[in-house]
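The values are calculated or read from the model by the stated rules, or taken from the named source; none is laboratory data. Just so you know, these numbers come straight off a predicted model, no measurement behind them. So basically every Cβ, Gly included, is an ideal-geometry build from the backbone, and we count neighbours across all protein chains shown.
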Amino acid sequence: MADQSSVRNVKKFLQRNPQVATLIGFVGIIIVFATLSPNFLTANNISNIINQSASISIVAFGMTMVLLTGGIDLSIGGILGLVCVVAAKLFSFGVPLPIIILTGLAIGAFVGFVNGLIITQFNIQPFLVTMGMVSITRGLAQYTTNGQSIFIKADFFRLAISQGRLFGIPVLLYWVALFLVVIYFLVSHTPFGRRIQAVGGNSEAALFSGIKVNRVKIIVYTMSGLIAATAGFVTLSRLSSGLPTVGAGIEMDAIASAVLGGTGFNGEGGNILGTVLGALVIGTITNGLTVLGVDSYLQNVVKGVIIILTVVASVSLAKKSER
Amino acid sequence: MDGHILLKMEGIAKEYPGSLVLDNVNFELKRGEVHVLCGENGAGKSTLMRILAGLIQPTKGSIYIDGEKAVFSTPKEAEAKGVAIIHQELSLCPTISVAENIFLGKEKTKHRFFLDKKAMHKECEALFEKIKCYIDPSDNLAMLTTADQQLVQIAKALSLNTKILVMDEPFSSLSDDEAAVLFDIMDSLRSHGVGIIYIDHRIDNFYKIGDRVTVLRDGKYVGVKEIAATGKDEIIKMMVGRELNDIYPKYNKVQDEIMFSVKNMESDYVKDITFDVKKGEIFGLGGLVGAGRTEILRAIFGIDAKSGTIEINGLCVEIGKPWDAIKERIVYIPEDRKRQGLFLGRSVRFNSSIIFIDKLAKYFHINRKKERASVNKEVESLKIKVASIGDLVSNLSGGNQQKVVLSKWLMMENINLLILDEPTRGIDIGAKYEIYKLINDLACCGIAVILVTSDLPELLNLTDRVAVVRNGMISGRLNRDELSQESVMALCV
């Protein structure tokens, strides 16, 4: 009897904290890669992994908030690409940095705002609206550069956003940490965060509780666009060039990170720290497969399998807890 | 009617753990008869029909079809014996055509794999001919009016060679003209020898179409009468004649000042709604399910758009949206607690504090210690049974869930108006009693209370005044000394 109840307690704990399962998986993945390749656990590669995960985690924070409202934002990759090339173009015209930054952020926020407006005012499925927005933003990005990539010479920008180091730590990590703290605080410690969770948990009950459901959604999509724009700058600074196709598929990484971190599609979960863990897992898998020399197309296959397995596991856990 | 007995249900009982839903019920249906089955909400009508349809099994009793004993362990078996049910909620698929709905699951095919649309349309037309209505079989179901959709359900039932047709409140969403068409169809089915079991709340309708009526009350068989030879009063008495016991505390004191008033309110669903509620008064809205009671509450609270004036403490207020209502310190406990009241995937703490959350925060930061303390206090005073306030509300019982809904509102201070929509539906008697006491306590603090309930004894025993709603309008008002089951029922039907 004692055994049974402790098994049940472990199950219950896992249901409440799905991140723990991800954490165990994370350790497992590291062990597998470390045994398969001696180059995996070197200092150099670990810093690669962290860098890779950092770029994913920024957009994953935004995605976590969108998922928390019960929605989804597929347009972040498109926004990222558009902001990246527009900024590159402005650099090439010699526009001052602050104006470039403001313009990029405004584009991201505007696209996100439009997403939110259409979703709430016409009551349309978020994935349809944001899917259409992918096409619009990508098209605009291609049009802006005529399909070419634009190289930039902006050392200060590159160093300040991603390439530089401060106290021996890559600058990018400070930015990620800033986002992490702000968004974690917003979601978990503010009334607005509670409202986000309420809207996703049960939007009708949220309305009956006097929450301005549409306003909450519009704000969250706007923030998601803003964050995607930030990621656009990060990408530009890392590549030193504006490529209209960058960011393709990043929404998948973001969704996968959030889901691995315990956030679901019906507004459940929402632990930003879990999302960081999810981003680390995705970053590690991508890096590990590269280190092992797995074909980059096949890497997508493996990633897809892992995402589906996680979703299956989390859905069956949720079903069990209903019983 | 030729006296041949199509269906006999004898000594039917249905027991769920802890409650006897049906107790020794008899029912009989003749060929070519319209037999009304009536009783209050919860009397057991639907359970009896679910047994007939093979959806659930009786604990005791037997069913005879054409004199032969029948056991229906699945709906298919009941269907094979000619039993068809038309439900309150339409059970058709709105996105496909009329013909496809009628032949759903038994499509006609040619060359094995291809639908034979022509043959299906032809047969549909023949069915519609039989009930004398003109619906294009190729129309999408969603394009039809509710009334026509009902007719499609009837046609579908006829396509199954139905001998026994159960119609569960078929008129509840129909206009008078549409109802007249349906009466004609029922009449013609009757002359074709179909036996119809017909459930309705509106007694006037019984006299228009019914031959006999069987009355159930609290799961028990009360009796069967020839409708033509029975007065309306007698039927009402059979329906409601239960003894009341003392589970209804009442100790609120109505004050003189008017706290809340609504004048000439109109929405898409209700019109010409005027009433007022005094401080400390428990004001009841009576009426049948679907009469428009909930719609009145939704309009007051700003869920549905409306016109008309609302005054609180004599001051005119604008309530366009729920947050305006909350600003005026109006509390609305909605009817469907799972859909409208709770965040099931979240904790008790989350649910209880969501409305109050701004008050618990300083510089955008929620003071969790304060939050925990206030929720704990509320949980204690409402006696919500939880291991900790971190428990998910989905794991609580119905009564405790309802208390969580109450708790989230009761953290509000200086409530002016408390609106309760079916606050005790589906919860056990002990929790009911506590909620009754709570309503009294709140009224004693000078709060005005509006109570909507389908539980008639609850309405009669808790309220000071009642307005009865019928077809989206107030059909009559009763003071406490005029309140009786008969007087309320008479205004309902």
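How many residues does region B:153-179 contain that are in contact with a helix residue (DSSP H, G or I) (Cβ under 7 Å, 6 or more places away or on another chain), closer than 26 Å to B:G292 by Cα and modelled with pLDDT of 80 or more? Residues that pass the stated criteria total 2. How about region B:342-357: which of its residues are at the interface with chain A (Cβ under 7 Å from one of its Cβ atoms) and touching a Gly at 6+ places or on another chain (Cβ under 7 Å)? Result: B:F343, B:G345, B:R346, B:I355.
Of the numbered criteria (1) closer than 29 Å to A:N17 by Cβ; (2) buried (at least 18 other Cβ atoms within 10 Å of the Cβ), the one B:K306 fails is (1). What do you reckon, is B:D336 under 30 Å from the mean Cα position of the chain (by Cα) and surrounded by fewer than 19 Cβ atoms within 10 Å (Cβ to Cβ)? So B:D336 passes the test. For region B:44-96, residues that are modelled with pLDDT under 85 and among the small types (G, A, S) total 3.
Of all residues in region B:279-310, those satisfying the criterion of being in contact with a Pro (Cβ under 9 Å, 6 or more places away or on another chain) and under 18 Å from B:P423 (Cβ atoms) are B:T294, B:L297, B:R298, B:F301, B:I303. Being at pLDDT below 85, in contact with a helix residue (DSSP H, G or I) (Cβ under 7 Å, 6 or more places away or on another chain) and more than 25 Å from A:L159 (Cβ to Cβ) is true of A:V20. Within region B:107-124, the set of residues being loosely packed, with under 15 Cβ neighbours inside 10 Å and not in a loop (DSSP other than H, G, I, E, B) comprises B:T109, B:K110, B:F114, B:L115, B:K118, B:K122. In region B:375-428, of all residues being within 14 Å of another protein chain (Cβ to nearest Cβ) and polar (S, T, N, Q), the one that is nearest to A:E268 (Cα to Cα) corresponds to B:S394.
Looking at A:F156, is it farther than 30 Å from B:E371 by Cα and over 24 Å from the mean Cα position of the chain (by Cα)? So A:F156 fits the description; yes. Being among the hydrophobic types (A, V, I, L, M, F, W, C), in contact with a strand residue (DSSP E or B) (Cβ under 8 Å, 6 or more places away or on another chain) and at the interface with another protein chain (Cβ under 9 Å from one of its Cβ atoms): is that true of B:L360 here? It is true that B:L360 is among the hydrophobic types (A, V, I, L, M, F, W, C), in contact with a strand residue (DSSP E or B) (Cβ under 8 Å, 6 or more places away or on another chain) and at the interface with another protein chain (Cβ under 9 Å from one of its Cβ atoms).
Residues checked against (1) of a type outside the set (G, A, S); (2) not in a strand (DSSP E or B); (3) not assigned by TED's automatic domain parsing to the domain that holds B:G193:
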position	(1), (2), (3)
B:L22	yes, no, no
B:F27	yes, no, no
B:P58	yes, yes, no
B:A84	no, no, no
B:T95	yes, yes, no
B:E100	yes, yes, no
B:G105	no, yes, no
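Just so you know, in region B:363-374 the residues that are part of a helix (DSSP H, G or I) and surrounded by fewer than 13 Cβ atoms within 10 Å (Cβ to Cβ) include one that is nearest to the other protein chains (Cβ to nearest Cβ), and it is B:K369.
Can you tell me how many residues within region B:426-473 are more than 15 Å from B:Y332 (Cβ to Cβ) and either of a type outside the set (A, V, I, L, M) or outside the structural domain of B:G398 (by TED's automatic domain parsing) (or both)? Of the residues in that region, 24 qualify.
Among the residues of region A:33-54, those that are without any contact (Cβ under 8 Å) to a residue 12 or more places away in the chain, within 12 Å of A:L292 (Cβ to Cβ) and outside any loop (DSSP other than H, G, I, E, B) comprise A:A34, A:T35.
The residue list A:G267, A:G247 contains one member that is under 21 Å from A:G112 (Cβ atoms), touching a residue at least 12 places away in the same chain (Cβ under 8 Å) and within 14 Å of chain B (Cβ to nearest Cβ), which is A:G267. Considering B:G44, B:G67, the condition of being assigned by TED's automatic domain parsing to the domain that holds B:K225, surrounded by fewer than 14 Cβ atoms within 10 Å (Cβ to Cβ) and in contact (Cβ under 8 Å) with a residue 60 or more places away in the chain is satisfied by B:G67 alone. Exactly one residue out of A:L226, A:L260, A:L236 is more than 25 Å from A:I306 (Cα to Cα), of a type in the set (A, V, I, L, M, F, W, C) and modelled with pLDDT under 90, and it is A:L236. Taken as a whole, the condition of being within 14 Å of chain B (Cβ to nearest Cβ), under 23 Å from A:I49 (Cα atoms) and surrounded by 21 or more Cβ atoms within 10 Å (Cβ to Cβ) does not apply to A:G232.
Checked against the criterion of being over 21 Å from A:P191 (Cα atoms), part of a helix (DSSP H, G or I) and within 8 Å of another protein chain (Cβ to nearest Cβ), the candidates B:R339, B:R298 yield just one match: B:R339. If you go through region B:205-234 and keep only what is among the hydroxyl-bearing types (S, T, Y) and closer than 13 Å to B:L22 by Cβ, you end up with B:T214, B:Y221.
Tell me yes or no: at least one residue of region B:142-160 is in contact (Cβ under 8 Å) with a residue 40 or more places away in the chain, loosely packed, with under 14 Cβ neighbours inside 10 Å and closer than 18 Å to B:H192 by Cα. No, region B:142-160 contains no residue that is in contact (Cβ under 8 Å) with a residue 40 or more places away in the chain, loosely packed, with under 14 Cβ neighbours inside 10 Å and closer than 18 Å to B:H192 by Cα. Of the residues making up region B:148-203, those that are assigned to a helix (DSSP H, G or I), among the β-branched types (V, I, T) and either touching a strand residue (DSSP E or B) at 6+ places or on another chain (Cβ under 9 Å) or not assigned by TED's automatic domain parsing to the domain that holds B:G32 (or both) are B:I154, B:I203.
Applying the criterion of being within 7 Å of chain A (Cβ to nearest Cβ) and touching a helix residue (DSSP H, G or I) at 6+ places or on another chain (Cβ under 6 Å) to the residues of region B:323-336, the residue that is nearest to B:I415 (Cα to Cα) is B:Y332. Here region A:169-219 is the region considered, the condition is being of a type in the set (V, I, T), within 28 Å of B:R329 (Cα to Cα) and more than 8 Å from chain B (Cβ to nearest Cβ), and the residue that is surrounded by the most Cβ atoms within 10 Å (Cβ to Cβ) is A:I196.
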